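Below is one structure, written out as structure tokens; the observations come after it.
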Amino acid sequence: MLLITLDGDLLEIALRSLRVTLTALVIAGLIALPLAALLAVRRFRWRRAVIAILNAMMSLPPVVVGLVVYVILSRSGPLGALGLLFTPGAMIIAQVIIIVPLIASIAHQSLRDLWSEYHDLLISMNVTQTQKMATLLWDARRALLTAMLAGFGRAIGEVGAIMIVGGNIEHATRVLTTAIALETGKGDFALALALGFVLIALAVTINFAIHALTRTEREARW
Amino acid sequence: MSAILPLRLSGAEARRRGKRLVGPVDLTLNSPGATVVIGPNGAGKTTLLRLMHGTERLAGGEISWARPLAEVRHEIAFVFQTPVVLRRSVLDNIAYPLRLRGQSRKNARAEALDWAGRVGLGGMPDRQATVLSGGERQKLALARALITRPEVLFLDEPTAALDGRSTREIETILTEASIAGTRLILSTHDMGQARRLATEVVFLLHGRVHETAAALAFFDAPGTPEAAAFLRGDIIE
Ligand SMILES: Nc1ncnc2c1ncn2[C@@H]1O[C@H](COP(=O)(O)OP(=O)(O)OP(=O)(O)O)[C@@H](O)[C@H]1O
Ligand SMILES: [Mg+2]
């Protein structure tokens, strides 16, 4: 009943959640996956340091990420001129910062294992650095999908950072998680719970859809 | 295109943590034919092959080809003692070197299907390569190495995991490749195979070339007592 009456607003909020998170996921993937592959195949000077930083960043409290992004994007901040604060753009930036380390770490682990398996063969075939990375990314794609799903889960459920940088503005930056926080604060538990179910349903649907996709691929191959 | 052979090694050495594994080795390999490297376990056959191929770092001496190394790298291939398969289908594994060389997926796969047939994997092009048996992996590795028609092919015990029939099949493929102009350099513990394939034998002992001779002469009358003992199957110290 509740869901039906609130249809218009609810749909808008849910779609915004999805749009912000999927955009952040695509951008984060484009950064994290090549980075993970590079860390797996190249022995450059700062490699250990980069891995340590990534691991440390994984446990960074999202609220702090939000705060830092806020300061940078605020009117007097270094990127204040972009006018991104309190827009979905700011939320995307915060989410990207939060999930890049997560995706890169998980991806790096599986790519590193695959690289130790492939090392001799690829070296003997005289492949270029780019070809190495492309081969690893392609052959580990199923594990990478898991990494991306972890990133998606983390991003869609995130509330602290995007509340700060997005401001939870109705019809502009309100998403499922910030709406839940607001309704809970106002004491409207029924609405908050309804929103919560939508959030869970969204996350589960995406997961199932992707797993179904990979399963059909696997069956086609074996 | 001019030939990459002869391959010359002079005083070539491989070391690990200061310990000399192989060398110093002086050797010249000319076209055509098949050089078979034999010797007891741990003699350094694998290391020598890797050294010549360039996957093992040269710790001393010199190795030179008739053409610059950057060009040579595209004309040689290596089949490992334990084959590495990519987590892809059989066909995509065999097609991989062609894809690296910029061929279209369609052409590469068509040629790979042809090669899969030649090595006896024609019935399973779409099977995931990781589920193949040891012998099938070996055949896959061979097809993947031959598809680029290398001038020189290194093989480290290419039939160690195979039964008699598969061994003969592989030897036939190798002989054909040799006739087609691929120079073979392989190690083996199978003296029957050495006799069937070799035009030249390199007998390794304790990391050094103990004896090298034309195959017929070597198997007829080895020049050193150690080689004679090895051929008889005796244990040599
Ligand atoms: N990475 C390494 N570190 C230290 N020692 C090594 C290393 N690789 C090989 N060796 C040693 O070098 C020697 C030669 O090894 P190699 O694998 O070349 O022998 P092989 O003739 O191929 O033996 P097999 O017939 O058992 O295959 C062996 O004593 C081996 O233990
Ligand atoms: Mg060996």
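Out of all the residues in region A:154-167, is one or more charged (D, E, K, R) and under 16 Å from the mean Cα position of the chain (by Cα)?
So far as region A:154-167 goes, yes, one or more of its residues are charged (D, E, K, R) and under 16 Å from the mean Cα position of the chain (by Cα).
Rundown of residues vs (1) more than 16 Å from ligand 2 (Cβ to nearest atom); (2) farther than 16 Å from B:R208 by Cα; (3) within 14 Å of chain A (Cβ to nearest Cβ), yes/no style:
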residue	(1), (2), (3)
B:S10	yes, no, no
B:R17	yes, yes, no
B:V25	no, no, no
B:V36	no, no, no
B:G39	no, no, no
B:G42	no, no, no
B:L49	no, no, yes
B:I63	yes, no, no
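Are there any pairs with C-beta distances below 6 angstrom linking a residue in region B:6-34 that is within 11 Å of B:G44 (Cα to Cα) to a residue that is among the hydroxyl-bearing types (S, T, Y), with the two at least 6 apart or on different chains, and if so which?
Final answer for the pair search is B:A14/B:T47; B:L21/B:T47; B:V22/B:T47.
Out of all the residues in region B:141-193, which are basic (K, R) and either touching a strand residue (DSSP E or B) at 6+ places or on another chain (Cβ under 9 Å) or within 16 Å of ligand 2 (Cβ to nearest atom) (or both)?
B:R144, B:R183, listed by residue number.
How many residues does region A:154-187 contain that are surrounded by 18 or more Cβ atoms within 10 Å (Cβ to Cβ) and closer than 30 Å to A:L33 by Cβ?
Residues in region A:154-187 being surrounded by 18 or more Cβ atoms within 10 Å (Cβ to Cβ) and closer than 30 Å to A:L33 by Cβ: 17 in total.
Answer yes or no: is there a residue in region A:31-46 that is at pLDDT 95 or above and either under 28 Å from A:I169 (Cβ atoms) or polar (S, T, N, Q) (or both).
Yes: one or more hits.
Test B:S166 against the stated conditions and say whether it is away from ligand 1 (no atom under 16 Å from the Cβ) and either open to solvent by less than 50 Å² (accessible area, probe 1.4 Å) or not assigned by TED's automatic domain parsing to the domain that holds B:L113 (or both).
Against the criterion (away from ligand 1 (no atom under 16 Å from the Cβ) and either open to solvent by less than 50 Å² (accessible area, probe 1.4 Å) or not assigned by TED's automatic domain parsing to the domain that holds B:L113 (or both)), B:S166 qualifies.
For region B:51-61, what are the residues that are more than 16 Å from ligand 2 (Cβ to nearest atom) and within 14 Å of chain A (Cβ to nearest Cβ)?
Once the filter is applied, which keeps residues that are more than 16 Å from ligand 2 (Cβ to nearest atom) and within 14 Å of chain A (Cβ to nearest Cβ), region B:51-61 yields B:G54, B:R57.
Matching residues to (1) open to solvent by 30 Å² or more (accessible area, probe 1.4 Å); (2) out of contact with any Leu (no Cβ under 9 Å at 6 or more places or on another chain):
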{"site": "B:S31", "(1), (2)": "yes, no"}
{"site": "B:T35", "(1), (2)": "no, no"}
{"site": "B:E62", "(1), (2)": "yes, no"}
{"site": "B:H74", "(1), (2)": "yes, yes"}
{"site": "B:L91", "(1), (2)": "no, no"}
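Exactly one of these conditions fails for B:R149: (1) away from ligand 1 (no atom under 13 Å from the Cβ); (2) open to solvent by 10 Å² or more (accessible area, probe 1.4 Å); (3) within 26 Å of B:G11 (Cβ to Cβ). Give me its number.
(3)
The values are calculated or read from the model by the stated rules, or taken from the named source; none is laboratory data. Just so you know, these numbers come straight off a predicted model, no measurement behind them. Neighbour counts run over all protein chains shown; Cβ positions are idealised from the backbone, glycine included. Note: areas computed on protein heavy atoms with side chains; ligands, DNA, RNA excluded. Shrake-Rupley method; radii C 1.70, N 1.55, O 1.52, S 1.80 Å.
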